[in-house]
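Notes follow the structure.
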Amino acid sequence: ERQKHIRNFSIVAHIDHGKSTLADRILELTDTVAKRDMQAQVLDDMPLERERGITIKLNAVELTYHAKDGQDYIFHLIDTPGHVDFSYEVSRSLAACEGALLVVDAAQGVEAQTLANVDLAIDDDLEIVPVINKIDLPSAQPDVVKEEITEMIGLDGDDAVLASAKSGIGIEEILERIVSDVPAPAGDVEAPLKALIFDSVYDSYRGVVLDVRLVDGSVKVGDEIELMSNGKKFEVTEVGVMSPKAVKRDLLMAGDVGYITASIKTIQDTRVGDTVTSADNPTAEALAGYRKITPMVYAGVFPTDNAKFNDLRDALEKLQLNDAALEFEPETSKALGFGFRAGFLGLLHMDVIQERLERDFDLDLIMTAPSVDYHVEKTDGTTITVENPAEMPDSSEIKDILEPYVKASIMVPNDYVGPVMELCQRKRGEFDTMNYLDKYRVDVIYDMPLSEIIYDFFDDLKSNTKGYASLDYEITGYRASDLVKMDILLNGDPVDALATIIHKDFAQSRGRAITAKLKETIPRQNFEVPIQAAIGNKIIARTTIRAYRKDVTARIHTGDPDRRAKLLDKQKRGKKRMKAVGSVEVPQEAFMSLLEVN
Ligand code: GTP
């Protein structure tokens, strides 16, 4: 009965089309958050999200809506990220819902991630309610966008709600549409417990907090639950919902979205996508769960202080708990010591993980330049996967190096097709097709090496199209390319953490650019440091960092010991994200300079 009045929905959109702002208005209109507690983008509660104005993590919240039919409805709203790096989070939240609001910017129209997210929602059989947002903008073209929704997505564009999350237009209509269009959950309350873990976080007091969607049955404090992937059993200590802060409940039942704690102390036991059931009365079959996600890029993560290796492992494990896309395994670098090789979905994901490690876990880190994974066919007939350029076998053992290729779909106004094609060609792209989306825009499709896309491609694309282009891509397979490993030598020694795999045609120019960049970023030492780029034994570029003569304090004649101490202290603090490689102090920027010189 209760289920008839539940609506579980998600909001999906291309980045910046206004999901989080719309979620704010919905929370406000339903009095979930009192006006005085309202701050913009309430659901983006990570400091990092607020600073950058983007949603990184999905967030679930329960609210009550008093509908025009006189009844109260319980809504579970799951906010999701828009950036392509986090689309995995989107698919996770959709699996917990029956419907989705599809937000499209009235001025920008349907974009690459609009389509990608709609596909995810359709895969999950969700009912989709289209919303055209930002109709307050002078540049809004709701009629054009309606047409795009009809033509490009195959939903009825005339059916879209016209809204402005900023000015509060159309919000009530959206809520009514959720009641009328999104189906109520249809689970069996009497059946054995069957719940999907769609997220989890570690809390030092309560242990692992599981965010769940109950499909069948119910759960309350004292129940014994079982995690179906590993058979581990736990006694439930608390159940509740997020509204948007945690609110304890006596019971969660079929259709509900809430949390469960059960003194789960070992984070390895829980996995998002797993099914929770009752230990006494287990359900026959686990839910489908999530498809396994493979990282796109890999990078070394090293503590600047080697003694922090275990802290870093602990932090990575905790982050992995609510970021299933993060993978890592121990790695040893001659230059950087003990650390981890971690896999990420893209550079933004990598950046976010680095910041969370440094902020939330107070670690100082060095991350090496990211690399894709290569399939190496060796002369002895075996094939190996290389995720770390330093581990590339000697060229005499290599028959072919295969690199991941993607199909890139770039949606852009007609006028910019030229610059987009030029950019793609420059990045080793091969033209595939071009589809006219409507009178104004085309979808340009290229086959491209993933390694060319993950770095600064998106920025270049934006700047070549005045910000109008949007990009989506998916891996299509591996292809042999003319690739070589380039070593960087500092002071005559190759630094494993600075090795890269590059296309032969770019080797010379990149070698020169990287050595020049390293010269800029590595501070002068009190001896001369030659920097060289080499392929095999052949040096292809070289430069030298000249020695400096005096230390910083030498110039202070006063001999004021206080001042001297302060300066030395400043110098020491400045050493954060700095690591001694052999006898040379190398800062974080140096490792990243490999990226900046594409
Ligand atoms: P991500 O969380 O990063 O995926 O973005 P988002 O889709 O949640 O977008 P967000 O709500 O952060 O809004 C992006 C920008 O658009 C912000 O600067 C908002 O203030 C603005 N915005 C949102 N809705 C409206 C609207 O209805 N009208 C206007 N003019 N601006 C809006």
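The values are calculated or read from the model by the stated rules, or taken from the named source; none is laboratory data. Because the structure is a prediction, the values reported are computed rather than measured. Methodologically, a virtual Cβ is constructed for each residue, glycine included, from the backbone with ideal geometry; neighbour enumeration extends over all protein chains shown. For accessibility, only protein heavy atoms count, side chains too; no ligands or nucleic acids. Shrake-Rupley method; radii C 1.70, N 1.55, O 1.52, S 1.80 Å.
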Taking the alpha-carbon centroid of each part, what is the distance from the range 141-166 to the range 402-447 in angstrom? 25 Å
Which one of 354, 66, 218 has its Cα pushed farthest toward the positive end of the charge dipole of the chain, where Lys and Arg give +1 and Asp and Glu give -1 at the Cβ? 354
Gyration tensor on Cα atoms of the range 154-220, a ≥ b ≥ c root eigenvalues, a/c under 1.5 rounded, else prolate if a/b beats b/c, else oblate, says oblate
Given 233/265; 232/265; 378/427, which pairs have Cα atoms separated by over 19 Å? 378/427
Note the angle between two axes, namely the Cα long axis of helix 309-321 and the longest principal axis of the Cα atoms of the chain, as a number of degrees from 0 to 90, rounded to the nearest 10. 30 degrees
Taking Cα atoms only, helix 561-573 is inclined relative to the longest principal axis of the chain by an angle, in degrees rounded to 10, of 70 degrees
Does the range 125-165 classify as rounded, prolate or oblate by the C-alpha gyration tensor (a ≥ b ≥ c root eigenvalues; a/c under 1.5 gives rounded; else a/b over b/c gives prolate, otherwise oblate)? oblate
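Residues of the range 323-396: accessible area per residue at 1.4 Å, in Å²? If you can, show how the numbers build up before the last one.
Details: 2910 Å² over 74 residues.
Per residue, the range 323-396 has an accessible area of 39 Å².
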Can you compute the modelled spin-label distance between residue 466 and residue 378, with each label point 7 Å from Cα toward Cβ, in nm? 5.5 nm
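Around residue 464, what is the net charge, scoring Lys/Arg as +1 and Asp/Glu as -1 over all other residues with Cβ under 13 Å from its Cβ?
Details: positive: 426, 427, 462, 466; negative: 415, 422, 456, 459, 460.
Neighbourhood net charge equals -1.
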Per 0.36 nm of contour for each residue apart, how much would the distance between residue 537 and residue 173 grow if the chain were fully extended, relative to their Cα-Cα spacing? 124.1 nm
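Report the Rg/Rh value for the range 132-269, based on alpha-carbon coordinates and the Kirkwood definition of Rh.
Numbers: Rg = 20.6 Å, Rh = 18.0 Å.
Answer for the range 132-269: 1.14.
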Lys and Arg at +1, Asp and Glu at -1: neighbours of residue 396 with Cβ under 12 Å from its Cβ sum to -1
Where does helix 347-360 land angle-wise versus the long Cα axis of the chain, in degrees 0 to 90, nearest 10? 90 degrees
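Quick one: pull the percent of accessible area on the range 233-383 belonging to carbon and sulfur, 1.4 Å probe, ligands and nucleic acids left out. Don't skip to the answer; put the middle values down first.
Values: 2910 of 6330 Å².
Result for the range 233-383: 46 percent of the exposed heavy-atom area is carbon or sulfur.
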Once you wrap a convex hull around the alpha carbon atoms of the chain, what is its projected area averaged over all directions, in nm²? 31.7 nm²
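Using a probe radius of 1.4 Å on heavy atoms only, what accessible surface per residue do you get for the range 450-515? Whole Å² is fine.
On the way: 2780 Å² over 66 residues.
The answer is 42 Å² per residue.
Could you work out how much longer the chain between residue 127 and residue 493 gets when fully extended? Use 0.36 nm per residue separation minus the Cα distance between them, nm to one decimal. Working shown, then result.
Values: separation 366, 0.36 × 366 = 131.76 nm, distance 5.98 nm.
Between residue 127 and residue 493, full extension yields 125.8 nm more.
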Roughly what would the spin-label model give for residue 546 and residue 250, points 7 Å off Cα along C-beta, in nm? 8.1 nm
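In debye, nearest 20, what is the charge dipole magnitude of the chain about its Cα centre with +1 on Lys and Arg Cβ and -1 on Asp and Glu Cβ, if you could check?
Details: 70 positive and 103 negative charges, 695 e Å.
Around 3340 debye, computed over the chain.
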Please work out how much accessible surface residue 527 shows to a 1.4 Å probe, ignoring ligands, DNA and RNA, in Å² rounded to 10. 60 Å²
Computed for the range 139-226: size of charge dipole around the Cα centre, +1 on C-beta of each Lys and Arg, -1 on C-beta of each Asp and Glu, debye to nearest 20, value 420 debye
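Using the Cα centre as the reference, give the magnitude of the dipole from point charges on the C-beta atoms of the range 184-242 (Lys, Arg: +1; Asp, Glu: -1; all else neutral), rounded to the nearest 20 debye.
120 debye
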Which parts of the range 357-391 would a label at residue 334 reach, counting a residue when its backbone N lies under 15 Å from a point 7 Å out along Cα-to-Cβ? 389-391
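Heavy atoms only, 1.4 Å probe, whole protein assembly: order 399, 134 by accessible area, highest first.
399, 134
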Summarise the accessible area of the range 414-458 (1.4 Å probe, protein heavy atoms) by the percent that is carbon and sulfur. 52 percent
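Please report, as a whole percent, how much of the solvent-accessible surface of the range 464-548 comes from carbon and sulfur atoms (probe radius 1.4 Å).
Numbers: 1850 of 4210 Å².
Whole-percent figure for carbon plus sulfur exposure: 44.
Compare 245, 334, 517 by solvent-accessible area with a 1.4 Å probe and give them largest first, with all protein chains kept in place. Could you put the intermediate results ahead of the total?
Values: 245 155, 334 190, 517 50 Å².
Accessible-area ranking of 245, 334, 517, largest first: 334, 245, 517.
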Which of 106, 257, 386 sits closest to the plus end of the dipole of the chain, meaning its Cα is farthest towards the positive end, when Lys and Arg get +1 and Asp and Glu get -1 on the C-beta? 386
Along the charge dipole of the chain, which of 201, 163, 187 sits closest to the positive end, that is, farthest toward it, with unit charges on the beta carbon of Lys, Arg, Asp and Glu (+1, +1, -1, -1)? 201
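What does the helix-only formula give at 222 nm for the chain: each DSSP H stretch with n ≥ 4 adding -39500 (n - 2.57), the total divided by the residues, and the result rounded to the nearest 500 deg cm²/dmol?
Values: 14 runs with 145 residues, N = 598.
Theoretical 222 nm ellipticity from helices: -7000 deg cm²/dmol.
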When only Cα pairs under 8 Å and 6 or more residues apart are kept, what is the percent relative contact order across the range 148-275? 24 percent
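Out of all Cα-Cα pairs in the range 488-529, roughly what percent, to the nearest whole number, are more than 13 Å apart?
61 percent
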Once a ≥ b ≥ c are taken as the square roots of the eigenvalues of the Cα gyration tensor of the range 357-440, is the result rounded (a/c under 1.5), prolate (a/b larger than b/c) or oblate (a/b not larger than b/c)? oblate
